[in-house]
Amino acid sequence: MTHLHGALPPAFRMTGTSSFLDFLAAHDPSLLPGARPLPAGEVTAPHGTTIVALAFDGGVVMAGDRRATAGSMIASRTIEKVFPADEYSAVGIAGTAGLALELVRLFQLELEHYEKIEGSLLSLEGKANRLATMVRGSLGLAMQGLAVVPLFGGYDLDAGVGRIFSFDVTGGRYEERDHHAVGSGSVFARGSLKKLWRPGMAVPDAVRTAVHALVDAADDDSATGGPDTLRRIYPVVATVTAAGYLRVPDEQLAEVCREVDAARGRAEGAGDAP
Amino acid sequence: MTMPFYVSPEQLMKDRADYARKGIARGRSVVVVAYDDGIAFATENPSRALHKISEIYDRIAFAAVGKYNEFENLRVAGVRYADLRGYSYDRSDVTARGLANAYAQTLGTVFTTESKPLEVELVVAEVGDSAEDDQVYRLSYDGSVADERGHVVLGGQAELLAERLEEGWRPGMALAEVVRLAVDVLGTQQDGPVRRLEPTQLEVAVLDRTRPRRAFRRLPSALLTDLLVTDAGEG
């Protein structure tokens, strides 16, 4: 940042790339997460947990709980882990919270930067590949136990369908069919999604299914937080359709959470929940 | 040993300035004009892909005349400047003033130290919460900066067009009114009647202060047709 009071330094006028990451690598690599030297020893940092995504007729729903944990402590009850990557895609993150949030900021910027410089949007696959490259760049951190595992979903403007991509710490990119979950509660969420997902669901069904999966994850995984009706903290749930990224408002989620509670109450034989 | 010719610094700078001015005068003008909900930009540009008006950041836009490769390079540098600043600090810390300064330094350095000046003229505009908070900076090939109010014309016949624009502009006009005015001004000729420009020949964009985050929006030719047709209906 030292040059910014004067003329634009040469890296700013370098030609041939539309990528913000490439520009950072040329101008100031220390701002890239993967390029920083790693100190020895272990770090206990807040950890984000469960993200679920599922496709429905005309888009995808992505949802994340609001808990971050540090060891056995709850580090945050209100953390948000699902974000708009750009107008037509969403990214959710599990893993080391600080690094994951940095990754999301950089990824959002990378997509917007490309859009401004090229005057057009990247394809959905192109966006997923960029994210894979960024995850791969943080492999050194992952090997120290500071892994970040994103889940990416979006509306494919060319094909007119919602698609979901998952990643591993080495930058492997896998397209998922219908639904997927990542994070500590993902095992339970995936089981739930398998039983509840149906082809051709409408938006309200898809939102309810996502909340069901998160509640199932919170039921069996101590690091995943369920809906907190007392404090009115609800999961972050977003839909991505041809109309773009849209976060489901809390009032609507409160209603959905009540329905989900009632359904589970009946299953437990307790009659309708209060 | 031969002695190099002596050229006085005044002559050197004058030659460079003449050279840059000639290059800029060849291009079509850009009109930048404030309206009640933001700032509008218009130019005659038949290309759909090679833009002279672009988005830099949430509330900041860029318009240029002159040599395409040179102002395109500056535009990309501006996007990088803004994105890096917003990433290092916060989105609200990216300002048109900062960007205008960086451009001024760059243009000034090239003008005095390199063999050829940049043949460009730029506008950096930022839309504020109200018309009083709008900022429009005009930058010349030599790095000089002017803080403009209300409206500005860049390029070829800037003086002639600026006169026309001054006559027709008043604060608080609506979008349709300023677009019609801008298109009229762009069609003005030194001698002869006003040329009538079709929507397909125009590149028009706005910084709309009512939009939530990214204020920049291009006006597609369908919308332009509507805005200009109203003109014919009223006239």
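The values are calculated or read from the model by the stated rules, or taken from the named source; none is laboratory data. Every value quoted in this text rests on a predicted model; they were computed, and no experiment measured them. Neighbour counts run over all protein chains shown; Cβ positions are idealised from the backbone, glycine included.
Within the group B:LEU84, B:LEU74, B:LEU118, which residue is under 18 Å from A:MET14 (Cβ atoms) and more than 9 Å from chain A (Cβ to nearest Cβ)?
Details: B:LEU84 fails: more than 9 Å from chain A (Cβ to nearest Cβ); B:LEU74 fails: more than 9 Å from chain A (Cβ to nearest Cβ).
It is B:LEU118.
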- Any chance region A:247-270 includes a residue that's part of a helix (DSSP H, G or I), touching a residue at least 40 places away in the same chain (Cβ under 8 Å) and under 17 Å from the mean Cα position of the chain (by Cα)? no
- Quick check, is B:ALA63 modelled with pLDDT of 95 or more and either outside any strand (DSSP E or B) or aliphatic (A, V, I, L, M) (or both)? yes
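Of the residues B:ASN73, B:ASN101, which is more than 28 Å from B:SER47 (Cα to Cα), without any contact (Cβ under 8 Å) to a residue 60 or more places away in the chain and assigned to a helix (DSSP H, G or I)? First the steps, then the outcome.
Working: B:ASN73 fails: more than 28 Å from B:SER47 (Cα to Cα).
Only one candidate qualifies: B:ASN101.
To keep it simple, each residue is scored yes or no on (1) free of Cβ contacts under 8 Å to residues at least 24 places away in the same chain; (2) in contact with a helix residue (DSSP H, G or I) (Cβ under 6 Å, 6 or more places away or on another chain); (3) small (Gly, Ala, Ser).
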site	(1), (2), (3)
A:PHE167	no, yes, no
A:HIS179	no, yes, no
A:GLY200	no, no, yes
A:ALA213	no, yes, yes
A:ALA218	no, no, yes
A:THR224	no, yes, no
A:ASP228	no, no, no
- Query: Only one residue in B:ARG75, B:ARG48 is in contact with a Ser or Thr (Cβ under 6 Å, 6 or more places away or on another chain) and basic (Lys, Arg), so which one is that?
  - Reply: B:ARG75
- Task: Please enumerate the residues belonging to region A:1-27 that are at pLDDT 90 or above, more than 11 Å from B:TYR81 (Cα to Cα) and at the interface with chain B (Cβ under 7 Å from one of its Cβ atoms).
- Result: none
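Let's see how each residue does on (1) of a type in the set (Asp, Glu); (2) surrounded by fewer than 21 Cβ atoms within 10 Å (Cβ to Cβ); (3) closer than 21 Å to B:PHE62 by Cα:
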residue	(1), (2), (3)
B:TYR137	no, no, yes
B:SER140	no, no, yes
B:HIS151	no, no, yes
B:GLY156	no, yes, yes
B:GLU159	yes, yes, yes
B:ALA162	no, yes, yes
B:PRO171	no, yes, no
B:VAL179	no, no, yes
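Kindly indicate whether A:ALA213 is exposed (fewer than 14 other Cβ atoms within 10 Å of the Cβ) and closer than 21 Å to A:ALA90 by Cβ. Please lay out each step first, then the result.
Values: exposed (fewer than 14 other Cβ atoms within 10 Å of the Cβ): no; closer than 21 Å to A:ALA90 by Cβ: yes.
It is false that A:ALA213 is exposed (fewer than 14 other Cβ atoms within 10 Å of the Cβ) and closer than 21 Å to A:ALA90 by Cβ.
Taking A:ALA206 as the residue in question, decide whether it is loosely packed, with under 15 Cβ neighbours inside 10 Å, over 23 Å from A:ALA75 (Cβ atoms) and hydrophobic (A, V, I, L, M, F, W, C). Even if it seems obvious, please write down each step before you answer.
Numbers: loosely packed, with under 15 Cβ neighbours inside 10 Å: no; over 23 Å from A:ALA75 (Cβ atoms): yes; hydrophobic (A, V, I, L, M, F, W, C): yes.
In short, no.
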- State the number of residues belonging to region B:61-70 that are out of contact with any helix residue (DSSP H, G or I) (no Cβ under 7 Å at 6 or more places or on another chain) and away from chain A (no Cβ under 12 Å). 2
- Note on the structure: Within region B:29-60, residues within 14 Å of chain A (Cβ to nearest Cβ), closer than 26 Å to B:GLN190 by Cα and in a loop (DSSP other than H, G, I, E, B) come out as B:ASN45, B:SER47, B:HIS51, B:LYS52
- Task: Find the residue count for region B:120-161, including only residues that are among the charged types (D, E, K, R) and in contact with an Asp or Glu (Cβ under 6 Å, 6 or more places away or on another chain).
- Result: 1
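Filter region B:113-150 down to residues that are assigned to a loop (DSSP other than H, G, I, E, B) and in contact with a helix residue (DSSP H, G or I) (Cβ under 6 Å, 6 or more places away or on another chain) and give me whichever is nearest to B:THR43 (Cα to Cα).
Quick first cut of region B:113-150, residues assigned to a loop (DSSP other than H, G, I, E, B) only: B:114-119, B:127-130, B:134, B:140-144, B:149-150.
In the following step, the residues that additionally are in contact with a helix residue (DSSP H, G or I) (Cβ under 6 Å, 6 or more places away or on another chain) were identified as B:117-119, B:141-143.
Numbers: B:PRO117: 24, B:LEU118: 21, B:GLU119: 18, B:TYR141: 19, B:ASP142: 23, B:GLY143: 23 Å.
Only one residue tops the list, namely B:GLU119.
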- If A:SER72 passes every condition in (1) more than 23 Å from A:VAL169 (Cβ to Cβ); (2) buried (at least 24 other Cβ atoms within 10 Å of the Cβ) but one, which one does it miss? (2)
- Any strands (runs of 3 or more DSSP E) falling wholly within region A:1-120 and containing at least 1 residues that are over 16 Å from the mean Cα position of the chain (by Cα) and farther than 25 Å from A:VAL161 by Cα: A:68-70, A:73-76
- Message: Given the options B:ARG21, B:ARG75, name the one that is at pLDDT below 95 and either over 11 Å from the mean Cα position of the chain (by Cα) or of a type in the set (Ser, Thr, Tyr) (or both).
- Response: B:ARG21
- How many residues does region A:109-125 contain that are modelled with pLDDT under 95, touching a strand residue (DSSP E or B) at 6+ places or on another chain (Cβ under 8 Å) and facing chain B (nearest Cβ under 10 Å)? 1
